[in-house]
Amino acid sequence: MTATLSDSPRVIEVTSTQPGLPWSERLRVRTEDRLPLAAKQVRIGMLAMNMLPADLLQMQGLYGVKPELPYVPGHEGVAVVLEVGQGVDDLKAGDRVLPMGAGGLWADERVLHRRALVQVAAQGDVLQQAMLTANPATAWVLLQHQRVLQQGDWVVQNAANSAVGQCVRQIAAHLGLKVLNIVRRADAVPRDSAEHWLVDEGGDAAAVVAQARQITGGATVSLGLDAVGGSASATLAACLAEGGRLVVYGLLSGQPSQMAAHDLVFRGVEMSGFWLARWFADPANREAGKQVYPALMNLSAQGSLEMAVEQVYDLAEVAAALAHAARDGRQGKVLLRGASYPLV
């Protein structure tokens, strides 16, 4: 891969989190000056950037971390090395890297410390690599580090066609787990799928639980993964066996998670929240955390982990990309591309 510096590197800035404003009035595109590198710094050119639900929540002032305005959004993407500073001997221009734990990625270029970059294969699929650090890692940790599961065990999840849901299904297949996938609409069930699907339109929770037991053959289901919240949390909890665990990792409904007292008190079902950043920050997970991304890169290289992409927009088209990402019935992720994208 050839790596060249862009003429006028662009960044996206969030200027307002006021509800109701169109995205075009909450954001601006500006250029920035290119400064010399300090020791151990690396200048990277962003190839492709994912648009995460966390990004959208943060841009609306609803996320756990609220940066001061204006700020550059974006927490996930893949980049090419453009320049390296003094003391960086293991990377060179043209190498492909994942920025880890860094915000502000909706930009043509970023300057980061070497320790914030993980090298990935230069021949890998750029768009898949751009989506590797958040949703697949969430799915991996949910399946590997929330309950001890054995091959053949059942897991139940809602929002099964979401990016995390897709990753849960693929990683579970790799691990030999069975997944009961719950979606809101019948047309969301993939055609000719050999997986286990259940449609919950939000009307009759008891009927959903009965269908779940029929599909699983009454087998023990000890782990539920909830991306929706609200009454959907109670439905998942009711699908679990006694002593099961419901992990809430998303709030797509925008409603507080609910759970029946009968499940909580008499059946011992527990509910816990999950945030990937907090899991990685916990010193108790340090050794386990080191294994997450090598495992995911291996699965991606094998073609065993792949997320659907619906459209890629240029960085300057960010308002249109955000509007697209909010559409109902979307069949894949919406990504942004930086100035270095044509190089691949």
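The values are calculated or read from the model by the stated rules, or taken from the named source; none is laboratory data. Keep in mind it's a predicted model, so treat the numbers as computed, not measured. When we count neighbours, we look across all protein chains shown, and the Cβ atoms used for this are built from the backbone with ideal geometry, even at glycine.
Checking every residue in the stretch 113-121 against the condition of being over 30 Å from G176 (Cα atoms) and of a type in the set (A, V, I, L, M, F, W, C) gives at least one match.
Run G124 past the list (1) outside any helix (DSSP H, G or I); (2) over 20 Å from A301 (Cα atoms) and report the number of the one that doesn't hold. Looking at each condition in turn, G124 falls short on (2). Touching a strand residue (DSSP E or B) at 6+ places or on another chain (Cβ under 9 Å) and either not hydroxyl-bearing (S, T, Y) or not assigned by TED's automatic domain parsing to the domain that holds Q123 (or both): is that true of G101 in this structure? Answer is no for this residue.
Of the strands (runs of 3 or more DSSP E) that lie entirely inside the stretch 1-117, those containing 3 or more residues that are crowded, with 17+ Cβ neighbours inside 10 Å and hydrophobic (A, V, I, L, M, F, W, C) span 10-14, 41-50, 77-84. Hey, could you check the stretch 287-344 for residues that are more than 16 Å from the chain's Cα centre (by Cα) and part of a strand (DSSP E or B) and say which is farthest from A173 (Cα to Cα)? The extreme case among them is D314.
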